[in-house]
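Okay, structure first, notes after.
The values are calculated or read from the model by the stated rules, or taken from the named source; none is laboratory data. Please read these numbers as outputs of a predicted model, since none were measured by experiment. Here the Cβ positions follow ideal geometry from the backbone for every residue, glycine too, while neighbour counts run over all protein chains shown.
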Amino acid sequence: MMVFDVGVIHGRFQVLHKDHLRYLLAGKALCSHLVVGITNPDPHLTREDPADKNRHARLANPLTYWERYLMVRQALEDTGVASEAFSIVPFPVNLPELYRYYVPLDAVFFLSIYDDWSRKKLSMFRSLALKTHILWEVPPEEKGISGSNVRDLMLHDGPWEGMLPEGVVRLMKKWDIPDRLKKLE
């Protein structure tokens, strides 16, 4: 099924849930090597954007880059993806002038389209003449799990564990992310 040599996929992964994992695996199925770009890698590389008014907020970004790196690696390795078949890098998605410092620009850039923010990213990638491949496009109400839903359940002691891969659940408990969210609120 592999079509591309190198693919780039990206996300905030605040918190990585089962639909994120489905997205990552869909990208990996199409390439020999998957570069996973973690967006909002640090507060200095994060910008407010009218297409997604919440993505920059502190409560929407409780995990550090390093924690998300470990979480993505855990989730991919738990599904059997060999560590040499993927790389994980910071990816300041809202600063296109920096892309060349983080990801291979000759790769194909995978996206899923749900909303205005997704369409804006697709437009940014295409304006830079990057090769793009849309994994799927669905309306927001059909998106499925969202990081904000998971964080909200954690914040209010709801049943969040079933929305995450098992290895990610272990990390969230080890790092006590529900308590961290409560402190950020």
Exercise for the section: List every residue pair whose Cβ atoms sit under 6 Å apart, with the two residues 6 or more apart in sequence or on different chains, where the first one lies in region 12-32 and is within 18 Å of W66 (Cα to Cα) and the second, anywhere, is among the basic types (K, R). Expected result: F13/R68
Handout entry: In region 171-185, the residues that are assigned to a helix (DSSP H, G or I) and loosely packed, with under 13 Cβ neighbours inside 10 Å
Key = K173, K174, D179, K183
Completion exercise
Scanning region 104-136 for residues that are farther than 20 Å from S87 by Cα, out of contact with any Lys or Arg (no Cβ under 9 Å at 6 or more places or on another chain) and of a type outside the set (K, R) gives D116, S118, L122, S123, M124, S127, L128, A129, I134, W136
Handout entry: Single residue of region 151-169 satisfying the filter (in contact (Cβ under 8 Å) with a residue 60 or more places away in the chain and charged (D, E, K, R)) that is surrounded by the most Cβ atoms within 10 Å (Cβ to Cβ)
Key = R151
Practice task
Might you let me know whether region 45-63 holds any residue that is buried (at least 20 other Cβ atoms within 10 Å of the Cβ), over 13 Å from the mean Cα position of the chain (by Cα), modelled with pLDDT of 90 or more and closer than 19 Å to R170 by Cβ?
Solution key: yes
Exercise for the section: Could you tell me whether V89 is surrounded by 13 or more Cβ atoms within 10 Å (Cβ to Cβ) and closer than 21 Å to V15 by Cα? Expected result: yes
